[in-house]
1. Specify which of the listed residues (R145, R76) is among the basic types (K, R), under 29 Å from E211 (Cβ atoms) and not in a strand (DSSP E or B).
2. Inspect segment 57-74 for any residue being surrounded by fewer than 18 Cβ atoms within 10 Å (Cβ to Cβ), among the charged types (D, E, K, R) and modelled with pLDDT of 90 or more and give the result as yes or no.
3. From I195, I213, grab the single residue that is among the hydrophobic types (A, V, I, L, M, F, W, C), at pLDDT below 95 and over 15 Å from the mean Cα position of the chain (by Cα).
4. State all residues of segment 129-140 that are free of Cβ contacts under 8 Å to residues at least 60 places away in the same chain and under 19 Å from M105 (Cα atoms); if no residue qualifies, say none.
5. So, in segment 38-67, how many residues would count as being under 23 Å from F167 (Cα atoms) and assigned to a helix (DSSP H, G or I)?
6. Give me a count of the residues in segment 182-192 that are within 22 Å of the chain's Cα centre (by Cα) and either surrounded by fewer than 18 Cβ atoms within 10 Å (Cβ to Cβ) or hydroxyl-bearing (S, T, Y) (or both).
7. Would you please list the contacts, defined by Cβ atoms under 7 Å and residues six or more apart or on different chains, that run from a residue in segment 170-195 that is over 15 Å from D218 (Cβ atoms) to a residue that is assigned to a helix (DSSP H, G or I) and small (G, A, S)?
8. Pairs under 8 Å by beta carbon, first residue free of Cβ contacts under 8 Å to residues at least 24 places away in the same chain and farther than 16 Å from Q207 by Cβ in segment 11-37, partner among the small types (G, A, S) and assigned to a loop (DSSP other than H, G, I, E, B), six or more apart or different chains?
Amino acid sequence: MSQNSATFGYRDVDPAEKPGLVRGVFDRVAGRYDLMNDLMSAGVHRLWKDAVAARLNPQPGETILDLAGGTGDMARRFSKMMRAAQLRRGGPDGVVHVLDYNGEMIAAGIEKGGEPEMTWGVADAQRLPLPDACADAYCISFGIRNVTDISAALREARRVLKPGGRFLCLEFSRPVSEALRGAYDLWSFKAIPAIGDWVASDRESYQYLVESIRRFPDQEAFAALMREAGFSRVTYTNFTGGVAALHQGWAI
């Protein structure tokens, strides 16, 4: 892929074209997004998200950004944990800003309902309408591979974090064993588009999602991108043998 192109599944497209293509995918899948996540992962994505929330460890009074937060699945976890900590030991109210590039995903989240700490907004991860050093934590789950310029999104995440702020990214990654990779490929390319066709009448969108995972940088390559963006103490934790990975870094 050249510097003048962006990935859209297995296709290389004009960078100006990708946002509209991705928007179209999520416009189509928004209404069935959470159901499809359960079916595609046999519910395991919920365990991954619980682990991410525990690692982020929301505290009273914090400002947390949940990017690609669409349906609010992660933000509800953060909000409930923040409120539980506040009830145990007091402290000021905090806020969890749910931000997503796609308005249909935000609408689906609002329809599901939220928590008192949650706000909702449409925003581009590459150009956030936020001041420097405004957030204590930034989390993006299964979304960064859909941005046009991953490095730009990482730099923007670093910009909006306060000194000592924490960055967490949950994303599909590369299984660590050949046997698991083979089984995962079979499930991904045979089952997931078929499930998308059956449940959401949309094979094409789920074919894109599978392809986008394969073109996303592996664990070490993404960790290197985080360091280049200015994050310190970068680590990653593999989930389910590397099917997904949690990357973490600090704004120091």
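The values are calculated or read from the model by the stated rules, or taken from the named source; none is laboratory data. These numbers were taken from a predicted model, which means no experiment stands behind them. FYI the Cβ positions are ideal-geometry reconstructions off the backbone, even for glycines, and counts take in every protein chain you see.
1. Values: R76 fails: under 29 Å from E211 (Cβ atoms).
So the residue among R145, R76 that is among the basic types (K, R), under 29 Å from E211 (Cβ atoms) and not in a strand (DSSP E or B) is R145.
2. no
3. None of the other options fit; the residue is I195.
4. P129
5. Number of matching residues: 13.
6. 5
7. Listed pairs, sorted by first residue: none to list.
8. D12/S2; D12/S5; D14/S5
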